[in-house]
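Here is the structure we will look at, set down as structure tokens.
Just so it is clear, none of the values below were taken in a lab; they were calculated from the coordinates. Just so it is clear, the structure is predicted and the values come from calculations on it, not from any experiment. Quick reminder, even Gly has a Cβ in these numbers, built from the backbone with ideal geometry, and neighbours come from all protein chains shown.
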Amino acid sequence: MKLEAMPPTAPPIGSPFDLRVGVSEKVDEIDIRSAMESGEWGFIHSFTTGSAVDGPGVRIVGWLSGCQFRCVFCHNPDTWKVVNGTPIRLERAVEVVSQYRQGLRTMKGGLTISGGEPLLQYPFLSKLFPAIHERGIHTTLETNGFLGARLTNDDLASIDLVMLGLKAIEPDLHKRLTGMDTKPVHEFARRLAARKHPVWIRFVIVPGWTDNMEEVDRMAEFAASLGNVERVDVLPFHQMGRFKWEKLGMDYQMRDAKPPSRETMNEAISRFRAAGLTAV
Ligand code: SF4
């Protein structure tokens, strides 16, 4: 669904679903680095309008560049490096999103910041979310949770929903799958639970990695133990990112993997539901 009612000042749109924000100013690299630290600039891969799958309602999604995970199944390896994004001023990002305020309200949506891993650009987020939130726009952070400790309680007050991407529960499996430890992720999940902060969990069924029902049951048990999980998105691995790995000349372990079957997906969803969770 396309967001309507664009004001005259809105930037040009390449397609109804892909609004890329250009930055016309020439900026010295060193200035950007220090401005990033101040939160006055962010690096953004793109904005997408009209998403119905990245949080409640119809949303604008800001895809920030940079990620410290190295998930073997990642379909956005082009977002791993922060400098692969386009520098954007905080005030420009706020302006772009605010232009859609009325449409977002009508469609019960809001702004989702995703990536990459957005919390790598914490100073930018710590200013962007309050600015958007105080304009009455619903805010969602999609994160792998590893850097969740960077968020203060005040930061969390300006984030209406956290979409937490849990990759695996079993620590060794998580390490092999992502290159990173689970501990900070689980600590963040438990902190959000203690605050009763609304959370959606995203879990990808990755063939040969997380498609066994023992791991699914462990994930369901963990999610159910939190008490603040409103919904679990059980997502199938897909091959739509394969061309990016190839284009980047990177070794793609999942090159020949097939997406999980409908039966496997249904079984995984049923395991979450059996644990008392809303799973789709
Ligand atoms: S956390 Fe997300 S963006 Fe980062 S490597 Fe994993 S799947 Fe890719």
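With the simple spin-label model, which puts each label point 7 Å out from Cα in the Cβ direction, the LYS247 to GLU95 separation comes to 2.9 nm. In terms of distances greater than 26 angstrom between alpha carbons, the cross-link table entries LYS108/LYS175; LYS175/LYS196; LYS183/LYS258; LYS81/LYS167; LYS81/LYS108 yield LYS108/LYS175; LYS175/LYS196; LYS183/LYS258; LYS81/LYS108.
Projected label points at GLN239 and ASN153, each 7 Å from Cα along the beta carbon direction, are separated by 5.0 nanometres. Between GLU134 and MET213, the simple label model (points 7 Å from Cα in the Cβ direction) yields a spacing of 5.2 nm.
Taking LEU248, LEU64, LEU120 as the candidate residues, the one with maximal mean-square fluctuation in a Gaussian network model of the chain, Cα springs under 10 Å, is LEU248.
When the Cα positions of VAL94, ASN76, ILE60 are compared along the charge dipole of the chain, ILE60 comes out farthest toward the positive end, with charges on each C-beta of Lys, Arg, Asp and Glu. Each residue in TYR100, TYR122 was given a count of other beta-carbon atoms within 10 angstrom of its own, and listing them fewest first yields TYR122, TYR100. Over all other residues within a Cβ to Cβ distance under 11 Å of ARG176, the charged ones net out to +1, with Lys and Arg as +1 and Asp and Glu as -1. Each of MET240, GLY136, PRO259 was scored by the projection of its Cα onto the charge dipole of the chain, and the greatest displacement toward the positive side belongs to GLY136; charges sit on the C-beta of Lys, Arg, Asp and Glu. Cross-link reach is defined here as a Cα-Cα straight distance under 13 Å, omitting same-chain residues fewer than 8 places apart; for LYS244 the aspartates and glutamates meeting it are ASP78. For the chain, the dipole from Cβ point charges (+1 on Lys and Arg, -1 on Asp and Glu) about the Cα centre works out to 360 debye, to the nearest 20.
Between ASN76, ASN84, ASN266, find the one with the highest GNM mean-square fluctuation for the chain; connect C-alpha pairs within less than 10 Å. Top of the fluctuation ranking is ASN266. Residues with beta-carbon under 14 Å from that of ARG150, excluding ARG150: net charge, scoring Lys, Arg +1 and Asp, Glu -1? Local charge sum for ARG150: -3. Cysteines of the chain lacking any other cysteine Cβ under 4.7 Å from their own Cβ: CYS67. Other residues whose C-beta falls under 11 angstrom from the C-beta of VAL232 contribute a net charge of +2, scoring Lys and Arg +1 and Asp and Glu -1.
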